[in-house]
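The values are calculated or read from the model by the stated rules, or taken from the named source; none is laboratory data. What you see is a predicted model; the values in this text were computed from it and never measured. Note that we place each Cβ from the backbone using ideal geometry, even for glycine, and neighbour counts take in every protein chain shown. Note: areas computed on protein heavy atoms with side chains; ligands, DNA, RNA excluded. Shrake-Rupley method; radii C 1.70, N 1.55, O 1.52, S 1.80 Å.
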Amino acid sequence: QVQLVESGGGLVQAGGPLRPPCAASGRTFSRYAMGWFRQAPGKERQFVVRISRSGISTYYADSVKGRFTVSRDNAKNTVYLQMNSLKPEDTAVYYCAADEGVLATTPREVDYWGQGTQVTVSS
């Protein structure tokens, strides 16, 4: 199994950046495809981005494409979500996720979750 811990959330003004990391422990980090989901109040959890085990392949939700960038450092067992040009509609709890193989884009198919970190964007 792998354990995931997000940090680095917070309150930011619209247009600003934030870069929460997700630290993994347990089994070999490079075995897992990683990614991020988010859940706004009263809404279902939704896919944001995923990155392959090697870090070569990425896939973004249309709503964040061009503004968010995912990366991973397999030596540090950490995946990062660089969020730029943040909008109030980006406000949500952001969850780190992991799967062996390819990360699912449907929440119910994801194997491992972090506890989440709150991101609030003020207008």
message: Scan region 5-25 and tell me whether some residue there is free of Cβ contacts under 8 Å to residues at least 40 places away in the same chain, closer than 20 Å to PRO107 by Cα and open to solvent by less than 30 Å² (accessible area, probe 1.4 Å).
response: no
- request: Examine region 59-66 for a residue that is open to solvent by 80 Å² or more (accessible area, probe 1.4 Å) and within 13 Å of the chain's Cα centre (by Cα), and state whether such a residue exists.
  value: yes
field: Complete set of residues in region 83-123 that are charged (D, E, K, R) and touching a residue at least 60 places away in the same chain (Cβ under 8 Å)
entry: LYS87, ASP99, GLU100
task: Could you please find all residues in region 26-40 being in a loop (DSSP other than H, G, I, E, B), in contact with a strand residue (DSSP E or B) (Cβ under 8 Å, 6 or more places away or on another chain) and open to solvent by 70 Å² or more (accessible area, probe 1.4 Å)?
output: ARG27
- prompt: Of (1) over 12 Å from the mean Cα position of the chain (by Cα); (2) open to solvent by less than 30 Å² (accessible area, probe 1.4 Å), ASN84 satisfies all except one. Which?
  reply: (2)
query: Does region 29-50 include one or more residues that are β-branched (Val, Ile, Thr), touching a Lys or Arg at 6+ places or on another chain (Cβ under 8 Å), within 15 Å of GLY116 (Cα to Cα) and in contact (Cβ under 8 Å) with a residue 40 or more places away in the chain?
result: yes
